[in-house]
Every structure is written in C-alpha cells, then in structure tokens.
Amino acid sequence: MIAKIIVDVAANQTDRQFDYLIPPRFQDSVVPGIRVIVPFGPRKVQGFVMGVSETSGYNIKKLKEIEDLVDVEPPLTRELLSLSEWVRDDTLSFHISVLKVMLPAAMRAKYRKEVMLPEGSSFGNLPAELKPLFQNEAIRDMDELLKKMSPEETKLLLKSVKQGILQLQPVVGTQETRKKLIVVKPALSKEKLKDYLTTLSANAKKQRELIQHFIEHSEEIPVVELIEKSGTSRSTVKSLTEKGVLKQEEAEFLRDPYEGREFHTTEALPLTEEQYQVIRPVHEAVTEGRHETFLLHGVTGSGKTEVYLQSIERVLSMGKEAIVLVPEISLTPQMVTRFKERFGSEVAVLHSALSKGEKYDEWRRIRKKEVKVAVGARSAIFAPFENLGMIIIDEEHETSYKQEEAPRYHAREVAITRGRFYNCPVILGSATPALESYARAKKGVYHLLTMERRVKDVKLPAVKITDMRQELREGNRSMFSNALIDGIKERLDRNEQIVLFLNRRGYSTFIMCRDCGYVAECPHCDISLTYHRTTQSLQCHYCGHTETIPTRCPECEGGSIRFFGSGTQKVEEELRKVLPEIRIIRMDVDTTRKKGSHERLLSDFGAGKGDVLLGTQMIAKGLDFPNITLVGVLAADSMLHLPDFRSSERTFQLLTQVSGRAGRHEKPGEVIIQTYTPEHYSIQNVVLHDYVTFFNREMGVRKQAGYPPYYYLAIIHVSDTDLNNAVKVTEKISKFLQSSFSENTLIYGPVASAIPRIKDRYRYQCMVKYKVEPKLTSVLQEILKTYQGEMSKSELSIFIDTNPYMMF
C-alpha cells in the first residue's frame, strides 16, 4: 500500500503529495488524517497522510518507507483534509501551513537533533574534554549541549561528528504534554474492605477513615485530592498500598481551564416577537438539514445571544454539534459563562488566553466527541467536529476573523464552506455588519434577519457629540470636555459606572523637540516611538524596540522635549488629577498580558470594584453590565484618517459598538463622543443609531472609488533589506500583471507601503482590482514560483493577500 503524504517542508518545490510505502506493521494504522514520520532527503520530517492508494506513479522499488507513526487516531477528519485543499487554493498558501493551523500549537512538529555514540563505538575514542558530557547519558540533545558549551568545546563536538566519533540523529517530536497524576483506588472488593476494617485496631483512626471512604466511594481519585478530602496523609495511603488494600497508578487527566468555577444552570428565556421572527427560519433550516447563510443584523442589546443559544439547543436536540466564534479574548469570559450556564459540560473553549496544554486538552475533548459545542476565537473554526449542525460568528464584521499571516484565511469564508459540506446553517451576527456582508444580504446571497429593538424595549442610549475645536476656543485644553467631566461626576454621585474608550495604548503617541521639530523614531521601522509611563521607556508597537527617554534633544541638544498625543495610561493619570478618589480599571495590551487578567479585570468591574472601565477596542463590544450608564469616547476620529478605504466603516462600527455598552438594562444610558470632525457622516450616523443610512452613504463612496464590495482586491507585498531590490522586483511584478490580466482588471503600483519600513525591511506593494478575472490564481501562483529561488537565497520576501483587510 502507498501513502500520499504532505511533508512538513514549506517550500514551492515540496508543496505537493509524496508517495511512501506503508510497511506491513502499519498497514492497518495508516489512514487519511494521521501524522507520520518519514525520511526526506538526509533528515526525518513529519508528514500528513492525505490518502492511501494501491498504486503509485513512481517506481515502487525506489519508494522509501514510513518510519513511524505520530498518532494512534487521526487528528484531522476527512472533511478537514478536504477543507485544507480549499483553503490552500483560496489563500495561495503552502498546503502544510494550512494543515498545521488546523491543529492546536501543542501538536505542531518540533524538530531537534540528538547526538550519540555510534553503535559499536567505544567511549574511549571520545576526546577527553567531551567525555564528562556523555558520562551519564549516551544520547544528548544537540541544541541543549551547544547552549552549555564553550566555543572550544563546540568546535571539538562538531569535529567529532564530522570524523564519525559521534553520530547526529534528527528526531521529530511534538509539544504535546498530557497531564498525568497518581491516583488511588481500592485493590479489594467492597465486602473485603469491610472485612479488613474489622481487623484494624481502634487506634488506626486514619486508616479506618480512608477505608471507609473507599467503601462509600469505590472510584479512583488523585492522591492530592484524596488527602485534601479525607484529611489523611501520604504515609497512611502508602501504608495501605504496601498491605495490598489500596493500589496506586498513573492516570491521564484532561485539563479544565474552568476547574473550580461553578456555573449555575439557566433556562431558555422567553423570546420577544422580533427574536421569534428571526429564529423561526433558522430552526427550519436546522430541521430540514439545509445550508443557508443568515445575516442577523440586530442593534446592541437586542438579544442576539439568546437567539444563538436557542438555535444551538435545537441543533443539540437533533444530536448534532455547533461552533461559536467570538472576536476578542475579552468577549470570551462573558460568552463562555452564558454557554456554560446553558449547556454545562457540553462546551469546550478554544482561545489564545489558554495555555498550550489547556487548549490541547479542550481540542481532544472535541475530537473524542465528549463535547457538542466549541466556543472560541478565529482558529476554533477548525474544531474537528464530524456532525456539525450550526456555525455562529458573533460580531461578524470584526477584522480579527482574518488571519494576517499565512495561511491568510477569513473565518467567515471557512465557516460558509464547512456549512455547505454539512448542509447546516451559518449565522453571521452583528449590530454593524461588514459592508460586504450586508450588500450580499441585500442581493439575496445571504438571508437577512433584522432586530431593531432592544429586549424589553429598553431605549438605545442618547448620543451627544462634543466638538473639541469649540472646547479649545473656550479655553479647555484638557483631554476631557466639560460635558464628559460633568457626566462622570453625575454618575459617581449616583453610584453608577462609566466606560471610557480610547483606541490607543501607552502614555503619549510620540515625543517631539519644540526647538527643532525632532521626533523620536524607531531605528528599524518608519514609525514614531510611543512613550510608556509605567516602564519609563519609548516603545515601537511594530517590532518591540525599546529606548530610554532622552532628557535633551539628540539633534539640537535643546531641553524642550515634550509629549504629544494621549494613550490610555495618560488618560488614567489625567482623570485621577481631576477626580482623585475615582477607581479606574484599565484594560489594554499592557494590563492584560498575564493569563486570566481579562476575566479578573472584568469580574472586578462587574462586582463594582471600579467606577470607570478605561480601555482600547477590547472593551468596545460584547460587555453587558447593568450599571453602566455613561460611555465616553475620546479622540473618536483617531481611526478616521488612516490610509485605508475601510477607515470610515471601522470608525462607525467601533463607535456604535462601544455606544451599545450604555443603558442595556433598566437605567437609561448616555454616550458622549469627543471629536475634531463632528460633521463626518460616520460619526453623525452613530448619533442616530442608523446603520442603513451609513451603509447607503458608504456604498456610494466605495462605488465611486472602485473598492469592495464593487471590486475584489488582491495585494502583492514585496519586502527586502535592500531597498533597490524591493523596488526592482515590485516593478517587474507590476509589468507582468499588466501583461497577463484582461483590460478590465486594474493594476496599481508599485508604491511604497503606508509604513515603508518595518524591522529593517523595506516594503513595496502592487494592488489588483477586478470584478471577474479567470486567470487570477494561476498568474499569482506564477509570481511565487518565479521568485522562489531568489527568496530562498536572499532576504527577499513576497506574500500575496487575496482578500486584504489591512492596507498597510
């Protein structure tokens, strides 16, 4: 038998299936989706079995054999293998990159070299300096050895390998770490335990208690837990084990990231008339086993989550499974709570805040069919279910659903493809759908469902715009308008809570010398450095470069260094100056680095331990706290002037989402938006809570400029440490595109990217705009093939994004 294998070598010339012989011992074990270890050139690599065949197009005598199996059961289902081919073609990625992204990080291959004495070789042949290194262990990890060795010892080691005194063996492993604990269980039957109890003296109190525990509870229990519950000691457990009354053995346990948390079971809530109207066609599609994509456009607080929950209930009642995607980690705690309360242990959670081990165990619970619902961020779309009945994408407009490194897939398109395979509905939910999604719904490609009222007819918050230009004219040079400060004081008096939103972390945007105009810039990127007060440093948010703050200007030696712009740290400091007693909980990348910090900060705020929740876009959506009655937006137009055709759409979406945090329950809400461009339609339509008017206006702008959804886009990014080479290659690509595509396809470029240099790499790009271009995929693949040799030998890098969400 022949296995068709994709090897773990990401290169154009290896991006195909290779044939390997299946040795007799693996004949029954090698099936599609399983991982194997195969010889590839002089080394061993991991490979994914895509199929098994009885024939090969090559000479069978020359085929190499599979050396070992990585898995006992295939981690990838046949449907995921088929999906991987679609993602590969859609994103112009290497097949191996797609297969690896479908697995949790703990399962990705880890390659190391082991150094050992060759078989039959004498220890005495080793140089004296190396003998202590191999005294206790015959096999050593090469990388670990090199870390500890001096330059002289390193030379000696490599020379010994070259001479054959030592042998180098490539080893393929994974980072899978299964949690194992020592468990205790009775070695005797219940009757024999009772008999043994009568033989113990009255003084053996602890032993008697322990035996009584196992008479009442016969199942195995971890030693640590047993000691905690029974109040006994390890020596008592050891004593009874030696007597043959109990036995100890190692057992595997799945990690539960929510262990110790209690979730109170909740029942389905009564539906409003609007909720009932939108859920009915969804239930029909589920019952009929029909694939349909629904766009659920519901205002903030209209009860979309309850529609999701009751739709999933219908799916589970039919014995099927569901995937729910959320865009931000900060959304996950509240969303997980809602799902755990409704579905209990049927829910697995997959998001980046979990440790590798926790995520691996949650993935295994899905693969073992122990759960029916997966809730998580973008990568959860590849959850290995085999009987999907529904896929839900909450806040479907979010750009975080698009992966920005290879493979550059969009979770929405993957969801729809999986929905087609399983003949199940896909729900895209949002208060501010992506323009492309709403346009498809208007054309009938998606089924549009609308909810225009909040649950219990709670009023949408009153939105007020504060013109910061007028505030300046009136002498207010603070970052807070008078209306916002008055609003905050009023809420503090009423013991209500406030959300302050600023989409910029750090203390100030940049530092500048007022004498000569010098701005501190990153030496590796063409971007100014951001001042962070807590670390007293200047940081680049692109490459991570850090500098100390200059006391004098490096250019003119002047002392007029000043801080410009405001980040969340500065807002926190300035607000404390105005209101010293105020309790502020800040949420941004700097305060949420530690595991569990998102949930802890949100729990503290929910418990009333903070008056103000101040943060970046991670607080803009999904949060539902009854006591929030004021939302303040600082610098609302900070995203409006970015070099991106989606800047107006993102501004409207973000402002609408953050506005929706106010007045979601009995107490009325108010939103104050501070801006220097109050007349812009994206801000004006937030005041009116009017998505449709914004959609019509923005569609007019897109049509005039020739942007999606009227055109499709593809961007070819070229970068190199050599500026001249980056420009030269981009020019050649541009000419090739112009000569290859039809007249109706537009080519723009070459141009420098909006940020021309990042991490010492110069960045240029070409843009392709098209409505129908049959040759698109073949031409773009030709570009990658043409430059593959140059990319492997030089610093040149080319990547293609066929559905770009980041224009810079």
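The values are calculated or read from the model by the stated rules, or taken from the named source; none is laboratory data. Just so it is clear, the structure is predicted and the values come from calculations on it, not from any experiment. Cβ placement follows ideal geometry from the backbone for every residue including glycine, while neighbour counts extend to all protein chains displayed. We work out accessible area using only protein heavy atoms, side chains counted, and drop any ligands, DNA or RNA first. Shrake-Rupley method; radii C 1.70, N 1.55, O 1.52, S 1.80 Å.
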Need at least 1 residues that are β-branched (V, I, T), surrounded by 13 or more Cβ atoms within 10 Å (Cβ to Cβ) and without any contact (Cβ under 8 Å) to a residue 24 or more places away in the chain per element, so show me which strands (runs of 3 or more DSSP E) inside the range 734-808 make the cut, counting only ones lying wholly within it. 746-758
Matching entry among D590, D515 (being out of contact with any Leu (no Cβ under 8 Å at 6 or more places or on another chain) and within 30 Å of G429 (Cα to Cα)): D590
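Here's the yes/no breakdown for (1) free of Cβ contacts under 8 Å to residues at least 40 places away in the same chain; (2) part of a loop (DSSP other than H, G, I, E, B); (3) in contact with a strand residue (DSSP E or B) (Cβ under 7 Å, 6 or more places away or on another chain):
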| position | (1), (2), (3) |
| --- | --- |
| I672 | no, no, yes |
| P678 | no, yes, yes |
| I683 | no, no, yes |
| F695 | no, no, no |
| G700 | yes, no, no |
| P708 | no, yes, no |
| A714 | no, no, yes |
| H717 | no, no, yes |
| N724 | yes, no, no |
Selected residue [among the basic types (K, R) and without any contact (Cβ under 8 Å) to a residue 24 or more places away in the chain] from R473, R469, R454: R473
Would you pick out the residues in the range 7-30 that are open to solvent by less than 50 Å² (accessible area, probe 1.4 Å) and assigned to a loop (DSSP other than H, G, I, E, B)? D8, V9, A11, I22, P23, S29, V30
Please go through the range 158-180 and pick out each residue that is part of a loop (DSSP other than H, G, I, E, B), surrounded by fewer than 14 Cβ atoms within 10 Å (Cβ to Cβ) and modelled with pLDDT of 75 or more. G164
Number of positions in the range 41-54 that are outside any strand (DSSP E or B) and closer than 16 Å to P24 by Cα: 1
Residue hits (the range 232-290; at pLDDT below 80, under 22 Å from T337 (Cα atoms) and open to solvent by 60 Å² or more (accessible area, probe 1.4 Å)) are D256, E259, G260, R261, E262, H264, T265
Would you be able to say whether some residue in the range 479-490 is surrounded by 20 or more Cβ atoms within 10 Å (Cβ to Cβ), modelled with pLDDT under 90 and of a type in the set (A, V, I, L, M, F, W, C)? no
When every residue in the range 517-553 that is among the aliphatic types (A, V, I, L, M) and closer than 23 Å to E572 by Cα is compared, the one surrounded by the fewest Cβ atoms within 10 Å (Cβ to Cβ) is I549
Cβ-Cβ under 8 Å, sequence separation 6+ or interchain: first residue in the range 184-197 and in a loop (DSSP other than H, G, I, E, B), partner among the aromatic types (F, W, Y). Which pairs? L188/Y196
Taking the range 577-600 and keeping residues open to solvent by 20 Å² or more (accessible area, probe 1.4 Å) and in a helix (DSSP H, G or I) leaves K577, V578, H598, E599, R600
Cβ pairs under 8 Å, 6+ apart, first in the range 343-359 and more than 16 Å from A322 (Cα to Cα) and modelled with pLDDT of 85 or more, second in a strand (DSSP E or B) and not basic (K, R): K359/L350
Can you confirm whether T535 is polar (S, T, N, Q) and part of a strand (DSSP E or B)? no
Answer with yes or no whether L460 is surrounded by 15 or more Cβ atoms within 10 Å (Cβ to Cβ), more than 23 Å from R576 (Cα to Cα) and in contact with a Leu (Cβ under 7 Å, 6 or more places away or on another chain). no
With the requirement that a residue be at pLDDT below 70 and assigned to a loop (DSSP other than H, G, I, E, B), what does the range 99-121 give you? E119, G120, S121
Across the range 70-98, what is the total count of residues that are open to solvent by 30 Å² or more (accessible area, probe 1.4 Å) and at pLDDT below 90? 3
E574 passes all but one of the listed conditions (1) in a loop (DSSP other than H, G, I, E, B); (2) under 26 Å from L613 (Cβ atoms); the exception is number (1)
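For the range 452-486, how many residues are of a type in the set (D, E) and either closer than 18 Å to G669 by Cα or touching a Lys or Arg at 6+ places or on another chain (Cβ under 8 Å) (or both)? Even if it seems obvious, please write down each step before you answer.
Residues of the range 452-486 that are of a type in the set (D, E), as a first pass: 452, 457, 467, 471, 474, 486.
In the following step, the residues that additionally are either closer than 18 Å to G669 by Cα or touching a Lys or Arg at 6+ places or on another chain (Cβ under 8 Å) (or both) were identified as 452, 457, 486.
Going through the range 452-486 one residue at a time, the tally reaches 3.
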One residue is enough: does the range 655-673 have a residue meeting the conditions under 30 Å from the mean Cα position of the chain (by Cα), within 19 Å of A620 (Cα to Cα) and open to solvent by 10 Å² or more (accessible area, probe 1.4 Å)? yes
So how many residues does the range 604-641 have that are open to solvent by 40 Å² or more (accessible area, probe 1.4 Å) and touching a helix residue (DSSP H, G or I) at 6+ places or on another chain (Cβ under 8 Å)? 3
The lone exception for F294 - which of (1) modelled with pLDDT of 85 or more; (2) loosely packed, with under 15 Cβ neighbours inside 10 Å; (3) among the hydrophobic types (A, V, I, L, M, F, W, C) it fails: (2)
How many residues does the range 642-651 contain that are surrounded by fewer than 18 Cβ atoms within 10 Å (Cβ to Cβ) and in a loop (DSSP other than H, G, I, E, B)? 4
Answer yes or no as to whether I465 is open to solvent by less than 60 Å² (accessible area, probe 1.4 Å) and either farther than 28 Å from P270 by Cβ or assigned to a loop (DSSP other than H, G, I, E, B) (or both). yes
Give me the residue from the range 447-457 that is open to solvent by less than 30 Å² (accessible area, probe 1.4 Å) and of a type in the set (A, V, I, L, M) and, out of that set, modelled with the lowest pLDDT. M451
Inside the range 497-516, can you point out the residues that are within 25 Å of the chain's Cα centre (by Cα), open to solvent by less than 10 Å² (accessible area, probe 1.4 Å) and modelled with pLDDT under 85? G506
Only one residue in Y681, Y712 is of a type outside the set (G, A, S) and in contact with a helix residue (DSSP H, G or I) (Cβ under 6 Å, 6 or more places away or on another chain), so which one is that? Y681
Within the range 316-330, residues being in a helix (DSSP H, G or I) and either buried (at least 23 other Cβ atoms within 10 Å of the Cβ) or in contact with a Phe, Trp or Tyr (Cβ under 9 Å, 6 or more places away or on another chain) (or both) number 2
Working only within the range 439-472, note down all residues that are among the basic types (K, R) and farther than 27 Å from L614 by Cα. R440, K442, K443, R453, K456
Verdict on F625 being of a type outside the set (S, T, Y) and either in a helix (DSSP H, G or I) or at positive phi (or both): no
